[in-house]
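*Asks:* Quick one: this structure, given as structure tokens, is what I'll be asking you about.
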Amino acid sequence: MLSIIIPALDEAANLERLLPDLSARCPGAEIIVVDGGSADRTAEVVRRCSGARYLTSARGRARQMNAGARVARGDIVLFLHADTVLPPGAPAAVARALADAGVAGGRFDVRFDNERPLFRVIAWFMNTRSRASGICTGDQAIFVRRADFEAVGGYPDIPLMEDIELSRRLKRRGNLRALRLRVTTSARKWEREGPLRTIGLMWALRFLHFCGVAPSRLHRWYY
């Protein structure tokens, strides 16, 4: 069984589009939305969707995803951002990847919902870097065998770079499969703050994280 966990904070508009799409594309999957304290209609939107379960937790993407994983019933867990859409055939692709006992988890390739050439180039670099490094990022819809997720202690309780740290832990359990199927994620942050500035910020934060700067400090700089 596949459990899809969606951390949310004021994501009502995105969830109104995402949840019906998930119900259609992932029949039989368990859908859990974990709200970190939204002030909008997030709770109302989720409760209107008969196939989705609504939970609340302390704010913080890692905390919210761990809270969802604790109550999930599936033996495969997929973590999906509220502004990201899975491609057709995603559940079958995940099942095929994890049919290999040497694979602990993986992720999808990513593309943006903005078709400008610059965003296509950025997506290509993100996918190529991820494939070369074996590091999965949240925008790429990370999936993992539940037993392996629990064995590494889930996401570390840090406010930023939790996806990178989870990838590092999982690589000690098995291979991480980079699927060619592409999720479509929102370009809203890149559009709002500028693509070049965002690229520079992302690379700077990754470098500082590698150098040992505390995730709490990186989180303040990011937001």
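The values are calculated or read from the model by the stated rules, or taken from the named source; none is laboratory data. What you are looking at is a predicted structure, and each value in this text was computed from that prediction instead of being measured. Glycine gets a Cβ as well: all are built from the backbone with ideal geometry, and neighbour counts include every protein chain shown. Accessible surface areas use protein heavy atoms only, side chains included; no ligands, DNA or RNA. Shrake-Rupley method; radii C 1.70, N 1.55, O 1.52, S 1.80 Å.
*Asks:* Can you find, within the stretch 4-18, the residue that is farthest from Gly89 (Cα to Cα) among those that are out of contact with any helix residue (DSSP H, G or I) (no Cβ under 7 Å at 6 or more places or on another chain) and surrounded by 22 or more Cβ atoms within 10 Å (Cβ to Cβ)? Spell out how you get there, then give the answer.
*Replies:* Residues of the stretch 4-18 out of contact with any helix residue (DSSP H, G or I) (no Cβ under 7 Å at 6 or more places or on another chain): 6, 9, 13-14, 17-18.
If we keep only those that are surrounded by 22 or more Cβ atoms within 10 Å (Cβ to Cβ) too, we end up with 6, 18.
Working: Ile6: 19, Leu18: 16 Å.
Once the filter is applied, the top-ranked residue is Ile6.
*Asks:* I'm told Leu118 meets every condition in (1) modelled with pLDDT under 95; (2) more than 26 Å from Ile31 (Cα to Cα); (3) surrounded by 15 or more Cβ atoms within 10 Å (Cβ to Cβ) except one. Can you identify the failing condition by its number?
*Replies:* The one condition Leu118 does not meet is (3).
*Asks:* If I filter the stretch 122-150 down to residues being out of contact with any helix residue (DSSP H, G or I) (no Cβ under 9 Å at 6 or more places or on another chain) and hydrophobic (A, V, I, L, M, F, W, C), which single residue comes out as nearest to Thr198 (Cα to Cα)? Break it down into steps so the answer makes sense when it comes.
*Replies:* Taking the stretch 122-150 as the starting set, the residues that turn out to be out of contact with any helix residue (DSSP H, G or I) (no Cβ under 9 Å at 6 or more places or on another chain) are 123-124, 128-129, 131-132, 147.
Filter once more, so that each one left must be hydrophobic (A, V, I, L, M, F, W, C): 123-124, 132, 147.
Values: Ala123: 13, Trp124: 16, Ala132: 21, Ala147: 35 Å.
Checked the stretch 122-150; the qualifying residue nearest to Thr198 (Cα to Cα) is Ala123.
*Asks:* Could you say which residue among Ala92, Ala58, Ala52 is at pLDDT 95 or above, touching a helix residue (DSSP H, G or I) at 6+ places or on another chain (Cβ under 6 Å), among the aliphatic types (A, V, I, L, M) and more than 16 Å from Arg146 (Cβ to Cβ)?
*Replies:* Numbers: Ala92 fails: touching a helix residue (DSSP H, G or I) at 6+ places or on another chain (Cβ under 6 Å); Ala58 fails: touching a helix residue (DSSP H, G or I) at 6+ places or on another chain (Cβ under 6 Å).
Of Ala92, Ala58, Ala52, the one residue that is at pLDDT 95 or above, touching a helix residue (DSSP H, G or I) at 6+ places or on another chain (Cβ under 6 Å), among the aliphatic types (A, V, I, L, M) and more than 16 Å from Arg146 (Cβ to Cβ) is Ala52.
*Asks:* Report yes if Ala93 is aliphatic (A, V, I, L, M), in contact with a Leu (Cβ under 9 Å, 6 or more places away or on another chain) and surrounded by 22 or more Cβ atoms within 10 Å (Cβ to Cβ), otherwise no.
*Replies:* Taking the combined requirement at face value, the residue does not satisfy it.
*Asks:* Where the second residue is at pLDDT 95 or above and open to solvent by 80 Å² or more (accessible area, probe 1.4 Å) and the first is polar (S, T, N, Q) and lies in the stretch 1-29, which pairs have Cβ atoms under 9 Å and are six or more apart or on separate chains?
*Replies:* Ser3/Arg73; Ser3/Asp75
*Asks:* Any residue in the stretch 187-201 that is free of Cβ contacts under 8 Å to residues at least 40 places away in the same chain and under 15 Å from Val121 (Cα atoms) sitting within a Cβ distance under 7 Å of a residue that is of a type in the set (A, V, I, L, M, F, W, C) and surrounded by 11 or more Cβ atoms within 10 Å (Cβ to Cβ)? List the pairs, counting only those 6 or more apart or interchain.
*Replies:* Thr198/Trp190
*Asks:* Of the numbered conditions (1) assigned to a loop (DSSP other than H, G, I, E, B); (2) touching a residue at least 12 places away in the same chain (Cβ under 8 Å), Glu115 satisfies every one except a single condition; which is it?
*Replies:* Result: Glu115 passes all but (2).
*Asks:* Also, quick follow-up: Given (1) within 15 Å of the chain's Cα centre (by Cα); (2) of a type in the set (Phe, Trp, Tyr); (3) surrounded by fewer than 18 Cβ atoms within 10 Å (Cβ to Cβ), identify the lone condition not met by Phe112.
*Replies:* (3)
*Asks:* OK, next. Is it the case that the stretch 30-40 has a residue that's at pLDDT 95 or above, small (Gly, Ala, Ser) and under 16 Å from the mean Cα position of the chain (by Cα)? Quick ask: steps written out before the conclusion?
*Replies:* Narrowing the stretch 30-40 to residues at pLDDT 95 or above: 30-40.
From the residues that got through so far, the ones that are small (Gly, Ala, Ser) too are 36-39.
Retained after the next criterion (residues that are under 16 Å from the mean Cα position of the chain (by Cα)): 36.
Among the residues of the stretch 30-40, at least one is at pLDDT 95 or above, small (Gly, Ala, Ser) and under 16 Å from the mean Cα position of the chain (by Cα), which makes the answer yes.
*Asks:* Report yes if some residue within the stretch 129-139 is of a type in the set (A, V, I, L, M) and under 17 Å from the mean Cα position of the chain (by Cα); otherwise report no. Before you say what the answer is, go through the steps one by one.
*Replies:* Initial filter on the stretch 129-139 (of a type in the set (A, V, I, L, M)): 132, 135.
In the following step, the residues that additionally are under 17 Å from the mean Cα position of the chain (by Cα) were identified as 135.
The answer is yes, given that some residue of the stretch 129-139 is of a type in the set (A, V, I, L, M) and under 17 Å from the mean Cα position of the chain (by Cα).
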